[in-house]
1. Could you rank HIS421, HIS250, HIS208 by how accessible they are, 1.4 Å probe, largest area first?
2. Quote the FRET efficiency, to the nearest 0.05, computed for SER492 versus GLN443 with a Förster distance R0 of 56 Å and r equal to the Cβ-Cβ distance.
3. Hey, what do the phi angles of the stretch 510-516 turn into as Karplus ³J(HN,Hα) couplings, whole Hz, using 6.51/-1.76/1.60 and θ = phi - 60°, x for Gly and Pro?
4. Leaving out ligands, DNA and RNA, and with a 1.4 Å probe, what % of the accessible surface on the stretch 77-232 is carbon or sulfur?
5. If I compute solvent accessible area with a 1.4 Å probe over the protein chains, what percent of it on the stretch 269-320 is carbon and sulfur?
6. From the square roots a ≥ b ≥ c of the eigenvalues of the alpha-carbon gyration tensor of the stretch 117-194, which class results: rounded (a/c under 1.5), prolate (a/b over b/c), or oblate?
7. Between SER244 and GLN94, what FRET efficiency comes out of the Förster formula 1/(1 + (r/R0)^6) with R0 = 35 Å and r the beta carbon distance, rounded to 0.05?
8. Could you calculate the contour length gain from LYS428 to GLN181, that is, 0.36 nm times the residue separation minus the distance between their Cα atoms, to one decimal place in nm?
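The values are calculated or read from the model by the stated rules, or taken from the named source; none is laboratory data. Small disclaimer: the values here were computed from a predicted structure and weren't measured. Note that we place each Cβ from the backbone using ideal geometry, even for glycine, and neighbour counts take in every protein chain shown. The area values use the complete protein model at the heavy-atom level, side chains included, leaving out ligands, DNA and RNA. Shrake-Rupley method; radii C 1.70, N 1.55, O 1.52, S 1.80 Å.
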Amino acid sequence: MLPPRPSGLPPSLFLASSDTRASTGNHDPGMNSDQNRESPAESANSRDTWPVIDAATQVKLENQKAEDGYYEQSVTHRPASANKVSLLDIAREQVDIISEKMYLLPNEYLEELKGRLRGMLEGNGGPQQRDELLFLQRLVQTRSDLTAKTLIKAHRVQLEILVAINSGIQFFLHHSMNLSQTALIEVFVYKRCRNIACQSQLPAEDCHCEICTNRKGFCSLCMCVICNKFDFEVNTCRWIGCDSCAHWTHTDCAIRDKQIGTGPSSVNGLGSAEMQFRCRACNRTSELFGWVKDVFQQCAPTWNGESLIRELTVVSKIFRLSENTRGRQLFWKSEELIEKLKGGVAETTACRIILTFLQELEMDSSRSSEAGNNGRMIPPQEACNRIAAVVQEAVQTMGVVADEKMRMLKKARQALETCDHELEEKAKEVSELKLERQRKRLQIDELESIARLKEAEADMFQLKADEARREADRLQRIALAKSGKSEEDYASSYLKQRLSEAEAEKQFLFEKIKLQDQSSRSSQGNDIGDTSQELYSKIQEILKSV
């Protein structure tokens with residue numbers, strides 16, 4: 001049994017556009033007539049994996065040393081400083097030296113290094129980036145020091161980069177890749193399948209055929225014998241399994257390499273030419289009509305319209321050059337159904353038509369075999385057994401179709417029940433939302449009324465505040481006016497009082513002077529003038545001070 005297909009990852013993570021050979025397209029492993037053999041469709045996609053330098057490119061790279069210098073400059077277009085490493089350093093320098101440097105580098109720089117290699121593996125940079133990748137691969141693949149013993153000392157990111165360069169698969173650089181260091185080393189030294197979903201030890205199932213023994217990294221469980229590629233598809237006519245050695249081959253690869261052709265039939269005993277597949281691994285042939293019939297009977301009810309068109313196209317390619325009547329009829333019917341499906345015919349109808357047609361061709365072949373058996377009478381028991389076998393096969397086909405119909409009906413009922421349940425839940429949610437909306441509306445109305453009341457109160461308080469402000473201004477003006485008048489009255493009264501006091505004092509002094517003058521006249525004759533003058537001066541000073 002093969003490991004399950006990895007989920008949650010786009011196919012591009014498993015691809016590298018660096019294969020120099022022509023791609024075979026989106027190949028899909030399919031079912032063999034041997035139902036005990038698992039399809040390689042459980043493996044990861046490899047439409048463009050494991051880049052190999054063809055002979056022409058190898059000669060070109062070996063003979064033109066100047067180009068090597070150019071590629072080396074291209075790879076190192078971001079020169080590394082003394083304490084950093086580049087992809088070129090990892091590809092050509094000793095493992096332990098680069099490992100020590102990488103342990104000192106920050107994780108951000110290591111992720112940037114892996115991202116740079118991912119960009120090269122995607123091949124979006126054009127032919128120049130493709131040549132740079134081939135140059136790095138040649139450096140890695142020609143090194144003799146990269147062994148399991150030396151790679152144990154490698155830094156984890158260093159090992160991932162080496163494996164990605166050697167295999168050309170981007171997934172070894174992805175953050176979700178959780179292979180152990182030992183598994184990565186085994187992939188690098190061709191002891192484990194590079195298919196992330198397979199990961200079988202090589203040679204798979206201890207197969208000692210020439211291909212499994214001599215072809216590095218080849219896994220007979222999930223890879224095409226011709227192109228060495230693997231992919232995700234299962235239950236399809238695009239993969240052909242050998243009935244003898246259980247190796248797998250892409251149908252397109254087999255057609256391109258002329259491994260599919262006409263040969264004498266051993267089914268009906270008439271020696272008519274049937275379409276046959278010749279396995280490159282064991283060089284044995286397998287009849288294709290029965291294989292196609294088995295695949296369609298077992299898998300066609302599960303295909304959608306697009307898958308059915310794709311499978312009918314493969315059948316059309318296989319039987320295009322058929323020389324017998326049965327193969328030609330199958331080719332014509334395939335072309336007819338392809339046109340009908342493109343015109344809008346339901347896939348269930350087309351599936352029923354092709355299954356019935358294959359059953360009729362099988363019955364016609366059986367009758368032709370009986371008729372061409374030199375007129376020999378078939379024993380009743382043998383005839384009954386043949387009829388029973390045909391009827392049993394027809395019943396099985398009808399059972400498969402009926403089971404598919406029941407499955408679709410059950411699925412539709414479940415979908416309807418789910419929709420009804422969801423509709424009820426949505427109706428409850430709508431009613432709850434309406435109630436909530438009504439409650440919110442009441443709250444909004446209440447808040448609006450409160451807001452209007454508060455606004456009216458604010459207007460009233462503002463009006464009163466304006467009146468109070470005007471009254472305060474009026475009172476302030478009155479107070480200022482009264483304060484000025486009282487100050488003037490006080491100053492006037494004070495001056496009048498002081499004036500009256502000065503007048504009184506003046507009168508008093510005047511009377512006193514008169515008395516003194518009179519008395520002085522009698523007592524002093526000579527000093528009268530001087531004394532009078534002094535008194536008069538004092539009186540003048542007093543008056544000035546007042």
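1. Ranking HIS421, HIS250, HIS208 by accessible area, largest first, yields HIS208, HIS421, HIS250.
2. Plugging the Cβ-Cβ distance into 1/(1 + (r/R0)^6) gives 0.20.
3. Listing the rounded values in order: 5, 5, 5, 4, 4, 5, 5 Hz.
4. Exposed carbon and sulfur together represent 49 percent of the surface.
5. 40 percent
6. oblate
7. Efficiency at R0 = 35 Å is approximately 0.15.
8. 83.3 nm
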